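In what follows, a structure is listed as structure tokens, so that the remarks can point back to it.
The values are calculated or read from the model by the stated rules, or taken from the named source; none is laboratory data. This is a predicted model, so every value here is computed, not measured. All Cβ positions, even for glycine, are placed from backbone atoms using ideal geometry, and neighbour counts span all protein chains on display.
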Amino acid sequence: SSYNIAVVGATGAVGREMVKVLEQRNFPVNKLKLLATERSAGTRINFKGETIEVQVTREGVFKDVDIALFSAGSGPSKKIAPLAVKEGAVVIDNSNAFRMDKRVPLVVPEINPEKIFEHEGIIANPNCSTIQMVVALKPIYDTVGIERIIVSTYQAVSGTGKKAIEELKKQVKEYIKGKDIESSVYPYQIAFNVLPHIDIFKENGYTQEEMKMVNETRKILNDPDLKVSATAARVPVFYGHSESVNVQTKEKITVDEAKRILNKASGIKVVDEPGRLLYPLPLMSEDDDNVLVGRIREDLSHELGLNMWIVANNLRKGAALNAVQIAEELIK
Ligand code: A2P
């Protein structure tokens, strides 16, 4: 059988990727509905050799939809997802709106696919930085346990959306032409800079992005006491988030053993041959759907510590691909 699918936010950076992933993975689509706002209604997007016109998201539009993939931001999700559920669709939501809601499963198919079937209409797709980290850490977590995670991220601008991709391009051109550099998406210039600031600041001094990594990791691994300390930075990269991760395990694991179990795990590719200068790079993740793990080495300051460098395409495994994989599990 095949399904009627809607993509809400179809003209956005993640939404366009969702359409591509549905096509590339040959998801059994009967009818594809592409939804956004009046701003982009009428935009034509290709799907399997057909062009589909983007429509305005309005009441009634979900009545014949089986699965709605949302990537329009938290505000729109909060408003529109409950409507889609009422009209009979199952929502897979890429925003932050419902992730920590107790009634909403937060799913990475490699880790907790069984949670999908507890849904009451909405399934949440985790934050991009969280997804790639938990995919890489799960085999270690299952083998020796994890006491504490310390992570610093180097996140691509595409995670902010299409406007941020345009802003980085524009600033690079302005720089080359010797013009004044203007910023509107970020509070500071992003070209040739690094901003230790993603999403809003919370009262505890952390950003919301950092707290997502703490809280979502605990929920996905079903370990409410897991210690996680995160610093999230935006870097002038278009696609692919990188992460420096230090884990303190409960029992000792050697580098060789860690590489062996990571190599066996699905959704992971170990890229770790320093002798040949092979290590994960964001540019590598542009056409590789795996979570890339490398620079695996012992923490010389702690006998239970392990360091690694984790890279994934934030629009694919970090967003669109994970959402479509959830849909694939849902229809199995
Ligand atoms: P539009 O193109 O009409 O503005 P990005 O994350 O790359 O910024 O993209 C956001 C996506 O979400 C766009 O497709 C945008 O559509 C869509 N969007 C924003 N607000 C809404 C809304 N209230 N309802 C439906 N789609 C929305």
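What single numbered condition from (1) in a loop (DSSP other than H, G, I, E, B); (2) touching a strand residue (DSSP E or B) at 6+ places or on another chain (Cβ under 9 Å); (3) within 30 Å of residue 171 (Cβ to Cβ) fails to hold for residue 239?
Unmet condition: (2).
For the range 176-198, which positions are of a type outside the set (A, V, I, L, M, F, W, C) and surrounded by fewer than 17 Cβ atoms within 10 Å (Cβ to Cβ)?
Step one: of the range 176-198, the residues of a type outside the set (A, V, I, L, M, F, W, C) are 177-180, 182-184, 186-189, 193, 196-197.
Residues satisfying the conditions are 177, 178, 179, 180, 182, 183, 184, 187, 188, 193, 196, 197.
State all residues of the range 63-81 that are more than 30 Å from residue 209 (Cβ to Cβ) and within 15 Å of the ligand (Cβ to nearest atom); if no residue qualifies, say none. Break it down stepwise before answering.
At the first step, the residues of the range 63-81 found to be more than 30 Å from residue 209 (Cβ to Cβ) are 63-66.
The one that is more than 30 Å from residue 209 (Cβ to Cβ) and within 15 Å of the ligand (Cβ to nearest atom): 65.
Being surrounded by 15 or more Cβ atoms within 10 Å (Cβ to Cβ) and either without any contact (Cβ under 8 Å) to a residue 40 or more places away in the chain or out of contact with any Phe, Trp or Tyr (no Cβ under 8 Å at 6 or more places or on another chain) (or both): is that true of residue 160 here?
Details: surrounded by 15 or more Cβ atoms within 10 Å (Cβ to Cβ): yes; either without any contact (Cβ under 8 Å) to a residue 40 or more places away in the chain or out of contact with any Phe, Trp or Tyr (no Cβ under 8 Å at 6 or more places or on another chain) (or both): no.
Answer is no for this residue.
Suppose we filter the range 227-257 for residues that are touching a Ser or Thr at 6+ places or on another chain (Cβ under 8 Å) and within 14 Å of residue 144 (Cβ to Cβ); how many remain?
Qualifying residue count for the region: 2.
Before we move on, is residue 118 over 24 Å from residue 286 (Cβ atoms), modelled with pLDDT of 95 or more, of a type in the set (D, E, K, R) and away from the ligand (no atom under 16 Å from the Cβ)? It would help to see each step written out before you state the result.
Numbers: over 24 Å from residue 286 (Cβ atoms): yes; modelled with pLDDT of 95 or more: yes; of a type in the set (D, E, K, R): yes; away from the ligand (no atom under 16 Å from the Cβ): yes.
Yes; evaluated as a whole, the condition is true for this residue.
Exactly one of these conditions fails for residue 311: (1) more than 17 Å from the chain's Cα centre (by Cα); (2) outside any helix (DSSP H, G or I). Give me its number.
(1)
If a residue has to be more than 30 Å from residue 177 (Cα to Cα) and small (Gly, Ala, Ser) to count, how many in the range 191-206 make the cut? Quick ask: steps written out before the conclusion?
Looking only at the range 191-206, we keep the residues that are more than 30 Å from residue 177 (Cα to Cα), and these are 199-206.
Still in the running and small (Gly, Ala, Ser): 205.
Total meeting the criteria: 1.
How many of the residues in the range 1-11 are within 11 Å of the ligand (Cβ to nearest atom) and touching a Lys or Arg at 6+ places or on another chain (Cβ under 6 Å)?
Filtering the range 1-11 for residues within 11 Å of the ligand (Cβ to nearest atom) gives 6-11.
With touching a Lys or Arg at 6+ places or on another chain (Cβ under 6 Å) added as a condition, the list becomes 6.
Qualifying residue count for the region: 1.
Just wondering, is there one or more residues in the range 210-219 that are in a loop (DSSP other than H, G, I, E, B) and within 26 Å of residue 302 (Cα to Cα)? It would help to see each step written out before you state the result.
First, the residues of the range 210-219 that are in a loop (DSSP other than H, G, I, E, B): none.
Within the range 210-219, none of the residues are in a loop (DSSP other than H, G, I, E, B) and within 26 Å of residue 302 (Cα to Cα).
Using beta carbons and a limit of 6 Å, which pairs, at least six apart or on different chains, have the first residue in the range 217-241 and polar (S, T, N, Q) and the second one surrounded by 21 or more Cβ atoms within 10 Å (Cβ to Cβ)?
Final answer for the pair search is 217/130; 217/134; 217/228.
List, please: which pairs have Cβ atoms under 8 Å, are six or more places apart or on different chains, and start with a residue in the range 32-46 that is free of Cβ contacts under 8 Å to residues at least 40 places away in the same chain and under 22 Å from residue 91 (Cβ atoms) and end with one that is of a type in the set (Gly, Ala, Ser) and more than 10 Å from the ligand (Cβ to nearest atom)?
Correct list of pairs: 32/6; 33/6; 34/6; 35/6.
Any idea how many residues of the range 202-216 are among the basic types (Lys, Arg) and either touching a residue at least 24 places away in the same chain (Cβ under 8 Å) or in contact with a strand residue (DSSP E or B) (Cβ under 8 Å, 6 or more places away or on another chain) (or both)?
So the answer is 1.
Output the residues belonging to the range 12-32 that are surrounded by fewer than 20 Cβ atoms within 10 Å (Cβ to Cβ) and either away from the ligand (no atom under 16 Å from the Cβ) or not in a helix (DSSP H, G or I) (or both).
23, 24, 25, 26, 27, 28, 29, 30, 31
In this structure, does residue 326 turn out to be surrounded by 19 or more Cβ atoms within 10 Å (Cβ to Cβ), outside the structural domain of residue 142 (by TED's automatic domain parsing) and under 30 Å from residue 16 (Cβ atoms)? Spell out the reasoning first.
Details: surrounded by 19 or more Cβ atoms within 10 Å (Cβ to Cβ): yes; outside the structural domain of residue 142 (by TED's automatic domain parsing): yes; under 30 Å from residue 16 (Cβ atoms): yes.
Yes; evaluated as a whole, the condition is true for this residue.
Step by step: first the residues of the range 46-57, then only those that are part of a loop (DSSP other than H, G, I, E, B) and farther than 11 Å from residue 36 by Cβ, then the one that is nearest to the chain's Cα centre (by Cα). Which residue is that?
Here is the first cut: in the range 46-57, the residues part of a loop (DSSP other than H, G, I, E, B) are 48-49, 54, 57.
Next, from what is left, pick out any that are farther than 11 Å from residue 36 by Cβ: 48-49.
Details: 48: 24, 49: 27 Å.
Across the range 46-57, the extreme among qualifying residues is 48.
Quick check: is even one residue across the range 165-187 assigned to a loop (DSSP other than H, G, I, E, B), within 28 Å of residue 308 (Cα to Cα) and away from the ligand (no atom under 16 Å from the Cβ)?
We begin by selecting, within the range 165-187, every residue assigned to a loop (DSSP other than H, G, I, E, B); these are 177-187.
The next check asks that each one be within 28 Å of residue 308 (Cα to Cα); those that pass are none.
No, that holds for no residue.
Within the range 251-277, count every residue that is surrounded by 13 or more Cβ atoms within 10 Å (Cβ to Cβ) and either assigned to a helix (DSSP H, G or I) or over 26 Å from the mean Cα position of the chain (by Cα) (or both).
Residues of the range 251-277 that are surrounded by 13 or more Cβ atoms within 10 Å (Cβ to Cβ), as a first pass: 253, 255, 257-263, 265, 267-272.
With the extra rule that they be either assigned to a helix (DSSP H, G or I) or over 26 Å from the mean Cα position of the chain (by Cα) (or both), the set shrinks to 253, 255, 257-263.
Counting residues in the range 251-277 that are surrounded by 13 or more Cβ atoms within 10 Å (Cβ to Cβ) and either assigned to a helix (DSSP H, G or I) or over 26 Å from the mean Cα position of the chain (by Cα) (or both) gives 9.
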